[in-house]
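Note sheet for the following structure.
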Amino acid sequence: MRIVVRLDVMLAKRKMRSKDLAERIGISETNLSLLKSGRVKGIRFATLERLCEALNCTPGELLDIEPEEDLP
């Protein structure tokens, strides 16, 4: 199983730009982009908390689990 970041979905629902969110929570646009694309190994709880506060959501709305695809 793998964890999938659904930040792009939440940004669309909130009609918010990545640039505005990055500024609001105090991280760089580059780091936010890496988080959105799932190219990070981890996230600090403090950052997750700021994301949830800014987007008025829960961690469960930002993170999801998907099964790994079986390779032939």
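On a 1.4 Å probe surface of the protein chains, which of THR58, THR47, THR30 comes out largest in accessible area, and what is the full order?
Details: THR58 75, THR47 25, THR30 95 Å².
Largest to smallest exposure gives the sequence THR30, THR58, THR47.
Given the convex hull over the Cα atoms of the chain, what projected area results after averaging over all orientations, in nm²? Mind showing how you got there, number by number?
On the way: hull surface 20.5 nm².
With the hull built on Cα positions only, its mean projection is 5.1 nm².
What is the magnitude of the charge dipole of the chain about its Cα centre, with +1 placed on the Cβ of each Lys and Arg, -1 on the Cβ of each Asp and Glu, and no other charges, expressed in debye to the nearest 20? Present the calculation step by step, with values, prior to reporting the outcome.
Details: 13 positive and 12 negative charges, 79 e Å.
Roughly 380 debye for the chain.
Please report the accessible area of ILE25 (heavy atoms, 1.4 Å probe, ligands and nucleic acids excluded) in Å², nearest 10.
Surface open to solvent at ILE25 totals about 10 Å².
Under the Karplus relation 6.51 cos²θ - 1.76 cosθ + 1.60, θ = phi - 60°, what is the ordered set of whole-Hz ³J(HN,Hα) values for the range 53-59, x standing for Gly and Pro?
Per residue, the Karplus-derived 3J(HN,Hα) values read 5, 5, 9, 6, 8, 10, x Hz.
Under the 0.36 nm per residue contour assumption, what length would be gained going from the current alpha-carbon distance of MET1 and GLU68 to full extension?
Details: separation 67, 0.36 × 67 = 24.12 nm, distance 0.49 nm.
Between MET1 and GLU68, full extension yields an extra 23.6 nm.
Need one word for the range 19-60: rounded, prolate or oblate. Basis is the Cα gyration tensor (sqrt eigenvalues a ≥ b ≥ c); a/c below 1.5 gives rounded, then a/b vs b/c decides.
On the way: a/c = 1.72, a/b = 1.13, b/c = 1.53.
Verdict is oblate for the range 19-60.
The values are calculated or read from the model by the stated rules, or taken from the named source; none is laboratory data. For clarity, every value in this text was computed on a predicted model and none was experimentally measured. Every residue, glycine among them, receives a Cβ derived from its backbone with ideal geometry; neighbour counts consider all protein chains shown. These area figures cover heavy atoms from the full protein model, side chains too; ligands, DNA and RNA do not enter into them. Shrake-Rupley method; radii C 1.70, N 1.55, O 1.52, S 1.80 Å.
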